[in-house]
Amino acid sequence: MKAVNRILKSINTIPAFPATGNKVAQLLGKVDYSVSEVANVIKFDPSITANILKMANSAYFGSQHKISSINDAVIYLGQKNLLIAIQTAGISKYYKKGAAGYYDKATDLWEHSVAVALMSQILSRKITGNEDMTLYTAALLHDVGKIIMGEYIREEMKQIFDLVENKKMSFLEAEESVLGIDHADLGGRIAQHWNFPVEIRDAISYHHRPDLLEKEDKIMPWIVYMADEACLMMGIGSEVEGLAQRAVGELLKKFNLRMKDLETSMVMLSDDLNRARELFSII
Amino acid sequence: MSDLIVGISDFKISNTAGDVIVTYALGSCIGISIYDPVAKVGGLLHYMLPDSTLDAKKATDNPAMFADTGIPLLFKSCYKLGADKRRMIVKAAGGASILDDTNFFRIGQKNIMAMRKIFWKNNVMIASEDTGANYNRTVRLDIATGKTYVRTSGGEMKEL
């Protein structure tokens, strides 16, 4: 069987995405939800329960005193942060094994993903004035394709590097050329397998080439792209690929950004990373 | 005898033979290694951005984040351990950029320019450097010998 067919087939071996996040989102959408109702949904999922407590105690969410029960966490985190925490906890379990081939350490892909998710919110505040939960999820999942691609690129690394060095391909283009599919396209298909909405799927599929998505008004793939490139430039999660990435020229103009805005965002991310250690430590 | 790890916007110095100072994952950031072979004192800086006027408060809290505050701090810290400016061997690696980079995301080039300007102004020669291109680098400085090594993503470790 060709590599691409084996890769596509292995999507079906990925377990279903936990429904906890959706259930909680539905509850929070009701005007008369109660804290214990929400807490009961979360308690049903033991791995999420443990992680929610860790995250509620994180400096990133501004915790001052120790939070030791799910009820307290639900009250303390508030609607928006509660959803962020549940989504982060739910996604983390798929990243436990890392992505050998791309990264030496199993935790590296997770750290990169969290960094890109935090950066997506910094950029979103700058560009739209608001944070965006859907964007956060898309950014956290942008490299999910690597959890499958890792073992395949490891076998073909020599050939991929050859194309990057001698044919001036981007790492993504080299993946596609050697294996018949790249990690962004594959990630979009995994998100589809999990029934994520189309805007999240698009943001994942086009996170290296937002200019190829013919939906001009969609800014999510652009922000994920920018957040990803900024983290790669900072050396967060770029061990194998390096900066063999395509530059998409119209980016700064599209959002009326200057170089300085990108530099300031990198400084802000450094602070967020220091305050978000608990987000890293949940896997 | 140990590995001293330098994070992003961070630096370490040592005069203990047997110490190896190392920084991983330089993308567009730059690693500056300095070494005085007589005093056997060395240091390694990993700065992220070229110019501290971007954020004066941050430059005070964390001078190692910027070239223009981090490089002087690296030198001064080594002087305190007995290093002498005239004997310093300076090496640099990093400053990578993404492909067909035109006028944006130019932080790698700006970082290289900033470093050259600072060294030129201060009459400091860069003994060797491996900068630019589009790959990641890891840099190690061996305090016993002063040798600096650089490893690129997918490549072998080589002496700088």
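Every number here is computed from the coordinates shown, using simple stated rules; none is lab data. Quick caveat: nothing in here was measured; it's all calculated off a predicted structure. A quick note on method: Cβ atoms are made from the backbone with ideal geometry, for glycine too, and the neighbour counts reach across all protein chains shown.
When the residues of the stretch B:108-160 are filtered to those that are within 13 Å of chain A (Cβ to nearest Cβ) and touching a helix residue (DSSP H, G or I) at 6+ places or on another chain (Cβ under 6 Å), the one that is nearest to A:GLN245 (Cα to Cα) is B:GLY154.
How many residues, within the stretch A:232-283, are of a type in the set (Val, Ile, Thr) and surrounded by fewer than 19 Cβ atoms within 10 Å (Cβ to Cβ)? Going through the stretch A:232-283 one residue at a time, the tally reaches 1.
In the stretch B:1-13, the qualifying residues are those that are in a strand (DSSP E or B) and away from chain A (no Cβ under 14 Å), and the one that is nearest to the chain's Cα centre (by Cα) is B:PHE11. Within the stretch B:78-87, can one find any residue that is closer than 25 Å to A:SER238 by Cβ, of a type in the set (D, E, K, R) and either within 14 Å of chain A (Cβ to nearest Cβ) or touching a strand residue (DSSP E or B) at 6+ places or on another chain (Cβ under 6 Å) (or both)? No; the residues of the stretch B:78-87 include none that is closer than 25 Å to A:SER238 by Cβ, of a type in the set (D, E, K, R) and either within 14 Å of chain A (Cβ to nearest Cβ) or touching a strand residue (DSSP E or B) at 6+ places or on another chain (Cβ under 6 Å) (or both).
Among the helices (runs of 4 or more DSSP H) contained in the stretch A:201-278, which hold 1 or more residues that are at the interface with chain B (Cβ under 7 Å from one of its Cβ atoms) and among the small types (Gly, Ala, Ser)? Once the helices (runs of 4 or more DSSP H) in the stretch A:201-278 are filtered for at least 1 residues that are at the interface with chain B (Cβ under 7 Å from one of its Cβ atoms) and among the small types (Gly, Ala, Ser), what remains is A:259-275.
Taking the stretch A:190-226 as the range and being of a type in the set (Lys, Arg) and surrounded by fewer than 19 Cβ atoms within 10 Å (Cβ to Cβ) as the test, the residues that pass are A:ARG209, A:LYS215, A:LYS218. Is there a residue in the stretch A:22-29 that is assigned to a loop (DSSP other than H, G, I, E, B), over 21 Å from A:ALA139 (Cα atoms) and not aromatic (Phe, Trp, Tyr)? Taking every residue of the stretch A:22-29 in turn, none turns out to be assigned to a loop (DSSP other than H, G, I, E, B), over 21 Å from A:ALA139 (Cα atoms) and not aromatic (Phe, Trp, Tyr).
Of the residues making up the stretch A:163-182, those that are farther than 18 Å from A:HIS208 by Cα and either at the interface with chain B (Cβ under 10 Å from one of its Cβ atoms) or in contact (Cβ under 8 Å) with a residue 60 or more places away in the chain (or both) number 1.
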